[in-house]
Amino acid sequence: MSHSSHDHRHYAWPLIMCLCGVDYFSTLGYQPSIAFEGAGTLAPLATLVLVLVTLFGALPIYRHVAGETPDGVGSIGMIERMFRGWGAKLVVLVLIGFAATDFVITKTLSAADAAAHLISNPLYAGHVPAWMQGQMAVTMFLLVMLGAMFLKGYGEVVGLATVLVIAFLGLSFVVVVAGLVYLVGHPTLLPHWVGEITSGRYHLEHAPLSGSGPLVAIGIALLVFPKLALGLSGFETGVLHIHLVKGTDADPSDAAARIANTRKLLLVAALIMSFFLIGSSLVTGTNTLIPAEELRLEPVKGKAMDRALAYLAHGESPHPICPLFGRVFGTVYDVSTILILWFAGASAMGGLLNMVPRYLPRYGMAPEWAGAYRPLVIAFTVINLLVTLAFRADVSAQGGAYATGVLVLMTSACIASFVHELRRTPQPHHGLALQAQRVGFGLITLVFVYTTIANIMERPDGIIIASIFIGCVMAISFTSRFWRSDELRLKEFRFANDADRMLWTDILLEGAFRVLVPHRPGSRSLADKEAEIRRKHRIPETVPLVFLEVHYGDVSEFQNAPIVSARQEGTRFVIVTKDVVSVSHTIAQVAMEMTKGGAPLDIIFGWSKGGSLKLALDYVLFGQGDIPNRVVDLLDKAIPDPDNRPTVIVG
């Protein structure tokens, strides 16, 4: 059940919002801690910047991406359209590497944070054996369970995601609103926070600016907000799932309605998250309801680290925020947080299951089974377990890689949208609107480029980890392309027009054409070549020859779908194939078609010149090289019986 196999299933947009939201909304489990770690008591200001970037940057860009990609290819598909040939393939492979970083780390980081919430709960710690209280064991168990959930089916995943999002957001709303009400009802708390930040006490180890005052505080918030970039996750998965969004009741596949509903999904999700981001930062990141030392890793890990809202829900705050808060409510909140963090990987898994089968098998850069649903689920689960082992299930250690993956994908979406607008032809009466859109997208692109670069400079481990993912994607892709290069790869024969189709059919039905001569276009005349071949191979004039000309298309493509035309020149017949990806495959495919109507034919070649390594690389990358030997290999594999196999003659 790859993207192609569950395309027929459509869901109402609020359900898909919940599927994407298990990733996006679940960041509330660890976002307040990361915000305080990156911005100190300036976390609310930095979060406000993040929300403005979300609403006026990410949201318009992804609304545009949704409009351009109703088939669910997302920003990577838009980028692919901007390039041709191997350049397009390499750019897509790099972006898939970053996307894999984003989606895989989403799963491992969220599962690790779910484990942190679980083992911090006193009820859990008091009732399970010691080996089940380790961060690593619990994280790996949660990842295996998530994989098992996907093996059960996609519909069950969407249903469970909806229940978890409603429960988690409802309980988080209680915690955040109770905290805000307490802050407003105790008018000394927020002025105390304002006094701290205006006097320069930010609880930051390394503030990027020195001094104090409102302008310095705002300046620092603008500089450090990239550290909070995890709060932007979820947009890419939103557009990747657009093909699952129901259009209308009458026509669920209606593209215009699907786009409109996906835009609603993105807007509602962004507004919900904006409220929770600002609200949670005020109640957790102001050194009021949660003391600053409880949000620190050093010298002792604070009790609120990685679980700031849960800290409040358990009534651990020195302030009596709400009589409801305590062990029972805190445990209920823990359960909802653990479940949504565990399930956050569902959105990422859905993104991977949609993305990988779209590109790699089509490029010949993954085995055929990579287009199948269950083997991919198992493969990704194994990768998640290996990544968890590598990071020792540490939430903080994975934050840089996660943010890097998220930001690179969002920056690529900005660049794709900006370039798309630049290439658009202005319509009458809409020129001014197009110019405004171009300027807007250009400014948003600059903001995201800055954010991405700042994040990479601040946490270079993220780009190192992403590079490892990219290297693995490249290695697997090109190894697979090499191993699959001897597959027949025929998608279809296309025809220039009906006359060409009829002449091609006549040649096949005639069955009298037993000699096929590949001819390099432009090398020399067909008359000279025919005279030489008849002399060298002692072929009498009564034996008709068919010449085959092959013209390249995009040789980086894997599947071959040549455009066939045919003509007759006296006693000669000439078959011309255009837009081919491989000369060897085209010759073998044409020879096999001609053999179906009669006895096996002879294929007569000249010698291939060049070193063996160069010929091999030319074959894999450019569809040329040692053509006679490659044709022999293809025919041997396709037709096991030598009596029915065309004969290759070189001379």
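A short reminder: the numbers here are calculations on the coordinates, not readings from a lab. Because the structure is predicted, anything quoted here is derived from the model rather than measured. In this analysis, Cβ positions are derived from the backbone assuming ideal geometry, glycine residues included, and neighbour counts consider all displayed protein chains.
Using the charge dipole of the chain (Lys, Arg: +1 at Cβ; Asp, Glu: -1 at Cβ; taken about the Cα centre), state which of Val335, Ala260, Ala270 has its Cα farthest towards the positive end.
Farthest along the dipole direction, towards plus: Ala260.
Mind checking the angle between helix 460-483 and the chain's longest principal axis? C-alpha axes, 0 to 90 degrees, to the nearest 10.
Once rounded, the angle reads 20 degrees.
I'd like the Karplus ³J(HN,Hα) series for segment 203-216: coefficients 6.51, -1.76, 1.60, θ = phi - 60°, whole numbers in Hz, and an x wherever there's a Gly or Pro.
Per residue, the Karplus-derived 3J(HN,Hα) values read 6, 10, 5, 10, 6, x, 10, 9, x, 9, x, x, 5, 5 Hz.
May I ask for the Kirkwood hydrodynamic radius of segment 1-139, worked out over all distinct Cα pairs and given in angstroms to one decimal?
18.7
Taking θ = phi - 60°, what integer Hz values does the Karplus form 6.51 cos²θ - 1.76 cosθ + 1.60 yield along segment 574-580, in sequence order, with x for Gly and Pro?
These are the phi-based 3J(HN,Hα) values: 10, 9, 10, 10, 10, 6, 8 Hz.
Which one, Val387, Thr647, Gly97, projects farthest toward the positive side of the charge dipole computed for the chain from Cβ point charges (K/R +1, D/E -1)?
My answer, from the dipole projection, is Thr647.
Can you tell me the orientation of helix 627-638 relative to the chain, as the angle in degrees between its alpha-carbon axis and the longest Cα principal axis, to the nearest 10?
For 627-638 against the chain, the angle is about 80 degrees.
Helix 526-537 sits at what angle to the longest principal axis of the chain, using alpha carbons and giving 0 to 90 degrees rounded to 10?
Relative to the chain, helix 526-537 is tipped by roughly 70 degrees.
For the chain, with the dipole built from +1 on Lys and Arg beta-carbon atoms and -1 on Asp and Glu ones, taken about the Cα centre, which of Leu353, Ala217, His192 lies farthest toward the positive end?
Checked the options; the winner is Leu353.
On a 19 Å Cα-Cα criterion, which of the cross-link pairs Lys536/Lys578; Lys536/Lys637; Lys596/Lys637 come out too long?
Lys536/Lys578; Lys536/Lys637
Take Leu90 and Leu190, extend 7 Å from each Cα along the Cα→Cβ direction, and tell me the distance between the two endpoints in nm.
5.4
Under the definition of Cα pairs under 8 Å and six or more residues apart, what whole-number percent is the relative contact order of the chain? List each step's numbers first, then the result.
On the way: 1082 pairs, mean separation 130.9, N = 651.
It rounds to 20 percent for the chain.
Exposure proxy check: Tyr182, Tyr24 ranked by fewest other beta carbons within 10 Å?
Lowest to highest Cβ neighbour count: Tyr182, Tyr24.
State the dimensionless ratio Rg/Rh of segment 24-89 (Rg: radius of gyration of Cα atoms; Rh: Kirkwood radius).
Rg divided by Rh gives 1.17.
Hey, fewest Cβ within 10 Å first, where do Trp86, Trp13, Trp193 land in order? Don't skip to the end; give the middle numbers.
Values: Trp86 13, Trp13 24, Trp193 17.
Exposure proxy ranking, most exposed first: Trp86, Trp193, Trp13.
Over the C-alpha atoms of segment 133-237, what are the Rg and the largest Cα-to-Cα span, Dmax, in Å?
Spelled out, the Cα radius of gyration and Dmax of segment 133-237 are 20.8, 57 Å.
Please identify every one of the trypsin sites (Lys or Arg not before Pro) in segment 511-611 that sits in a loop by DSSP and has no more than 11 other beta carbons within 10 Å of its own beta carbon.
Working: sites: Arg514, Arg524, Lys529, Arg534, Arg535, Lys536, Arg538, Arg567, Arg572, Lys578, Lys596, Lys609; in loops: Arg514, Arg524, Arg538, Lys596, Lys609.
Counting only loop positions with at most 11 other Cβ atoms within 10 Å, the trypsin sites (Lys or Arg not before Pro) in segment 511-611 are Arg524, Arg538, Lys596, Lys609.
For Ile470, Ile166, which order do you get if you count the other beta carbons within 10 Å of each Cβ and list the fewest first?
Ile166, Ile470
Given q = 0.12, 0.13, 0.19, 0.22 Å⁻¹, what are the Debye log10 I(q)/I(0) values for segment 450-595, with equal point scatterers placed on the Cα positions and solvent ignored?
Treating every Cα as an identical point scatterer, log10 I(q)/I(0) equals -0.62, -0.68, -1.14, -1.35.
Under the rule of -39500 (n - 2.57) per DSSP H run of 4 or more residues, summed and divided by the residues of the chain, what mean residue ellipticity at 222 nm is obtained, to the nearest 500 deg cm²/dmol?
-20500 deg cm²/dmol
Radius of gyration and Dmax for segment 412-518's Cα atoms, expressed in Å?
Reported Rg and Dmax, both Å: 25.9, 72.
Please report, to one decimal in angstroms, the Kirkwood hydrodynamic radius of the chain built from all distinct Cα-Cα pairs.
That comes to 27.8 Å for the chain.
How big is the charge dipole of the chain about its Cα centre, in debye rounded to the nearest 20, if each Lys and Arg gets +1 on its Cβ and each Asp and Glu gets -1 on its Cβ?
Once rounded to the nearest 20, the dipole reads 620 debye.
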